[in-house]
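Notes follow once the structure below has been shown.
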Amino acid sequence: MSEQRAGHEPGSVHDDRAEARPSIAASLRASIERWPVLRQLRGDLTGRGAAVTSPGTDARRPRTETADRVARSVCPYCAVGCGQLVYVRDEQVIQIEGDPASPVSRGRLCPKGSASKSLVTSPSRVQTVQYRRPYGTEWEPLSLDAAMDMIADRVIATRAATWQDTTTDVDGNVLGLHRTLGVASLGGATLDNEENYLLKKLFTGLGVVGVENQARV
C-alpha cells in the first residue's frame, strides 16, 4: 500500500534514505577535499600554503592590523640594542615585533625580546614599590616618594660611614682616594643610554667606584 505525504505525488513512495544519501555523499566529498594530504598533492608540495589552511586560520588576522599607530623602540633586555616596533591600540600595547629597519637586528628578536610585550601587559607585573622590612616575612606596598626618601637617606648615611679620603702606600706616601666602597650601583637593562649616563654621573659624583649594568654582566 502506497503512502501519500504532503508535497509528493499520490501513489509515490517517499524514501528518506534516498534524500539522505546525496547529503552524506556531499559531506564526505567535502571532507576529502579538505584533507591536507590531498591538497598538498594537488599543488602545495611544500605544505606551506593552502594545504595547511583551514576556515579557522583563514578567519584569523594579525594583531598589527588593528593598531592605531606604531612606535619605534629598542629592546630593553641586553646590550645588543635590537630595534622593536611597538603596535598601539587605544593607547595600549597590543604587539611588539622586530624592526626590519634596525641596522643592529634587521627585524630579528631573541625569545626574550619577542616576549617583551609581557613587560607591559602581564597581569603579574608589579606596578607599585614593594618593601620587606629587616627580618620581615611579608612585602608591603610603599609610595614612590617614601621609597626614594629611604634610599637617599641610606645612601647618604652609608657614604658618610665608609668614606675614604686618603690612604698611605707602602712607602708612607699619602694618596688621595675620595671614594666609598660601601655603595654600589647595578643598573638594569631596561634603562636607556640617557638614564645610564645620568646614573654614572650621579654615582661618580658621590665617589662610588662600583658602577655596573646588567647588560654587561
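Under 5 Å between amide hydrogens, built in the peptide plane, is the criterion, and for residue 89 it picks out 68, 94 among residues at least 5 positions away or on other chains. Which residue, 194, 97, 138, tops the fluctuation ranking in a GNM of the chain built on C-alpha contacts under 10 Å? It is 138. The magnitude of the dipole of the chain, with charges of +1 and -1 set on the Cβ of Lys/Arg and Asp/Glu and taken from the Cα centre, is near 660 debye. Only one residue of 160, 181, 110 has its Cα farthest out toward the positive end of the dipole of the chain, where Lys and Arg carry +1 and Asp and Glu -1 on Cβ, and that residue is 110.
Which of the peptides 206-213, 154-161, 55-62 is most tightly packed, and how do the rest follow, judged by the mean count of other Cβ atoms within 10 Å per residue? Please report the intermediate quantities before stating the final value.
Numbers: 206-213: 15.4, 154-161: 12.6, 55-62: 8.0.
My ranking of the peptides, most packed first, is 206-213, 154-161, 55-62.
Residues whose amide H comes within less than 5 Å of that of residue 98, counting only those at least five positions distant or on another chain, are 85 (H built at 1.01 Å from N in the peptide plane).
Where a number appears in this text, it was derived from the coordinates with a stated rule and is not lab data. As the structure is a computational prediction, the values presented were derived from the model and not from experiment. A quick note on method: Cβ atoms are made from the backbone with ideal geometry, for glycine too, and the neighbour counts reach across all protein chains shown.
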